[in-house]
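The values are calculated or read from the model by the stated rules, or taken from the named source; none is laboratory data. Predicted model only: the values in this text are computed from it and were never measured. A quick note on method: Cβ atoms are made from the backbone with ideal geometry, for glycine too, and the neighbour counts reach across all protein chains shown.
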Amino acid sequence: MDGGENKKHKKIAGLNRYQFFIVTALIAMLFFFSDSSLLKKAQYNRQIKELEKQIEFYRAQIDTNKTKLDELQSNKDDLEKFARENYLMKKENEEVFIIE
């Protein structure tokens, strides 16, 4: 009879088998299915890395554009060249031919 009683009352971490299963299931739900789950945390970390890459790209673009702007503001010839190439502008006595 002692052997049968030990099997019925076997405890894991102070809980019987059913309580331990329920606690384990609740913890698993917290880690995997809640808003602060491990899966969502990994997804958020990937998004953060992607956004940081975009930030670096746009910072480089800003630096490039600032350099171009400084060049255009400081040199009239560069400004004229930029206007001709990008906006197809011309002087009054010129004809422009576009070759593609």
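A single member of Leu39, Leu72, Leu30, Leu79 is part of a helix (DSSP H, G or I), touching a helix residue (DSSP H, G or I) at 6+ places or on another chain (Cβ under 7 Å) and at pLDDT below 80, and it is Leu39. A single entry from Phe97, Phe32 fulfils the requirement of being surrounded by 10 or more Cβ atoms within 10 Å (Cβ to Cβ) and aromatic (Phe, Trp, Tyr): Phe32. When we screen Tyr87, Tyr58, Tyr44 for residues that are at pLDDT 95 or above and either outside the structural domain of Ala28 (by TED's automatic domain parsing) or not aromatic (Phe, Trp, Tyr) (or both), the only hit is Tyr58.
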